Each structure stands twice: as C-alpha cells, then as structure tokens.
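Let me begin by presenting the structure, written as structure tokens, before commenting on it.
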Amino acid sequence: MGEGDGQLSRLMDVSIHHWTASDGTELAYRETGMGRPVVLVHGLFSDGPTNWIKFGAAEVVASRGFRVIMPDLRAHGISGKPHDSAAYSDGILGRDLEELIAHLKLEEFDLGGFSLGARTTVQAVGEGLKPRRALLAGMGFEGLTGWLRRKDFFLDAIELADTATRGDPHWMAIQFMKTMKIDREAAKLLLPTFTDARDEWLAAFTMPTMVLCGTEDHDNGSAEKLAEALPNADYVPIPGTHMSSVTKPEFGAALAEFLGAP
C-alpha cells in the first residue's frame, strides 16, 4: 500500500490490485465505485491517488455510477520501477494500458488521462482501443506533437535534481519529483519511450472526446488547438495551472458531467 493509501481508503472504498505485464513487470491499479468502467491515467511523476483520489475527482465520478479504474504507470507510484533498459521499449505505457484493459476483460469502457496520461490515451486509441468516450486533460496540441523539447526538459530536471536552486526553470518539476519520491533511474529510462502523436492516432478519436484544461495551463501548448485537430472533441476550460487544475472542484465536476452524458 502506497503512502497515504490507508487514509484515502478510509475516506472512499478504494481497493488496490496488482497484475503482471507481458514482460514480467509487476504493475498496480486502484479502483472505486460500481457501474460502467472508466480508466483514468495519471500524469508524469504523479500516481493514481494524487491525480484522481486526493482532490475528489474519482469520488464524484464514482457517485455517478462508474467503476473508476486508476492504474499507476510503470516507473510510478506502487508499480514496478525496473532499472533494466529492456523494460522500456518504445510506447511501453500504451502497451501496458492495452494489456491492463485486456486483463480486466473490459469491452465497454471510457478512457482518459491527464498530461502523460492523455499522451498514453492518444497512443492507445491510435493503436486500436475503442472507448465509448475519451478524456484528454492537461494536454495541448504542441505537447502531443513536440515531445522532444519536453523530454529534454525533464531529463535535465532529473540531472539537476540535487543542484538546482529556486528560480531555475526546472525547480517546480524537481520539487514535485521529490515530493512523489520518483525513482530517477527508472524515470530516465522511461522518458525516451514516448513519441510524438501521429496524424492517424488523432484521426482515431471519432468517439465523443473532451479536452479539459486549466485556463492558465500552457505547459503542453494549446488545448483549443488540440480539440480542433480531433474529429469529435470539445474544449472545456476550467480554472487553474497545470499543477493546480486537478485540485479544483471544477475538474471532477466537468469529468463527471462529460462521462455521465447519454
């Protein structure tokens, strides 16, 4: 059980489950609620509880009749953090997500993610997953199509973790990494496995899609432009920055309203 899980589980009925990916890596997910499954994928250096449970989003969605499934990505949270480069093939997070959905035998489900979780969702849908509805939160068009610059920023943050001082552009990312007790070696192996979104991946979003983003969140480019690039998407603005938008009640409320629509 991860740090803080006991307290969170007392506030909500949250269960923790473990499963094994095809390469032998032990991965974990949490779930709460009953009803239509929705898989929600957290952001970079975060985990399921921080993105979805701590600030109430999962509880709001579950209250609308959903089974909320929240994986901890490889190299994050209570999932495995191998230091073997063989465990980090290109697109590994998308493959893990596809395998989790197959492991759970989900046929009708909704799918979404925040930041890295949105990137992982785009890959998985682009490669064949077909959710009823899709959520891309904390993500813009440039963030999906220009990963190289972002990758170098986070690799630099890992290298500067013990030397950067307040005012350094990497400072906030470093502080979040430290708060979340990120395994830096695993993170360095994971970051190069991401790739820019392909045109055909974006074209696969024929299902109703919500692009949910804080009005002050410009970390991953333009969310409005991303919505315009998708076949069937609406841009929904909420208050906040990239770091703070998930803490706002509007985040969970918008997610529940979108998922609960007929």
Single unsatisfied condition, L111 versus (1) under 21 Å from H76 (Cα atoms); (2) open to solvent by 10 Å² or more (accessible area, probe 1.4 Å); (3) outside any helix (DSSP H, G or I): (2)
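Can you go through A57, A62, A86 and tell me which one is at pLDDT 95 or above and open to solvent by less than 10 Å² (accessible area, probe 1.4 Å)?
A57
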Filter result (within 14 Å of the chain's Cα centre (by Cα) and more than 16 Å from R74 (Cβ to Cβ)) within region 16-50: V38, L40, P49, T50
Subset of region 59-75 [among the charged types (D, E, K, R) and within 12 Å of the chain's Cα centre (by Cα)]: D72, R74
Residue match in region 153-170 (condition: of a type in the set (K, R), surrounded by fewer than 17 Cβ atoms within 10 Å (Cβ to Cβ) and without any contact (Cβ under 8 Å) to a residue 12 or more places away in the chain): yes
Selection within region 39-58 - out of contact with any His (no Cβ under 6 Å at 6 or more places or on another chain) and either hydroxyl-bearing (S, T, Y) or in a loop (DSSP other than H, G, I, E, B) (or both): H42, G43, L44, F45, S46, T50, K54, F55, G56
Every residue from region 89-108 that is surrounded by 20 or more Cβ atoms within 10 Å (Cβ to Cβ) and of a type in the set (D, E, K, R): R95, D96
Pair list, Cβ under 6 Å, 6 or more apart: region 20-34 residue surrounded by 18 or more Cβ atoms within 10 Å (Cβ to Cβ), other residue assigned to a loop (DSSP other than H, G, I, E, B) and of a type in the set (S, T, Y): L27/S79; A28/S79
Test for L97: is it in contact with a strand residue (DSSP E or B) (Cβ under 8 Å, 6 or more places away or on another chain), under 29 Å from V236 (Cα atoms) and part of a loop (DSSP other than H, G, I, E, B): no
So P82, is it in contact with a Leu (Cβ under 7 Å, 6 or more places away or on another chain) and more than 22 Å from S244 (Cα to Cα): no
Residue selected from region 133-173 under the condition assigned to a loop (DSSP other than H, G, I, E, B) and within 18 Å of the chain's Cα centre (by Cα), by the criterion modelled with the lowest pLDDT: G146
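The values are calculated or read from the model by the stated rules, or taken from the named source; none is laboratory data. Please read these numbers as outputs of a predicted model, since none were measured by experiment. Glycine gets a Cβ as well: all are built from the backbone with ideal geometry, and neighbour counts include every protein chain shown. Each accessible area value is taken on the protein alone, full model and side chains, heavy atoms only, with ligands, DNA and RNA left out. Shrake-Rupley method; radii C 1.70, N 1.55, O 1.52, S 1.80 Å.
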